[in-house]
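Encoded as structure tokens, the structure appears first; notes follow it.
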Amino acid sequence: MSDGPADQLISEAAELLHVSERAFVTDAARQSAERVVARADTTLRAPEIFGAMMTSLDVPDESSELETLSMLPRHICR
């Protein structure tokens, strides 16, 4: 690595952890990637909105089509 301040910091940190600079940078990149992916899989909502959404799941939709479909025989094949 070159001798810039960031490179010196990486070298020092890797040495403190007794790992190579490459291993240190690879691990840091992996951790950062995990955070990015985790954020992408998370939807944040205000508590009131989340509560209303969860409550609405317990209220059935009024739909004659759904009622008709729910009366059809069920065929489960495994």
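Size estimate for region 1-46 follows the Kirkwood approach: the inverse of mean 1/r over distinct Cα pairs works out to 12.2 Å. Spacing of the modelled spin labels on L69 and Q31, each 7 Å from Cα toward Cβ, amounts to 4.7 nm. Potential lengthening of the chain between S56 and T42 amounts to 3.0 nm, from the contour at 0.36 nm per residue minus the alpha-carbon distance. Computed about its Cα centre, the charge dipole of the chain is approximately 300 debye, with only Lys, Arg, Asp and Glu carrying charge at their Cβ. The alpha carbons of the chain give a radius of gyration and a Dmax of 26.4, 73 Å, in that order.
Bear in mind that the values in this text are calculations on the coordinates, not laboratory data. Predicted model, so just to flag it, every value in this text is computed and none were measured. Because the Cβ atoms are built from the backbone with ideal geometry, glycine has one as well, and the counts that use them run over all protein chains shown.
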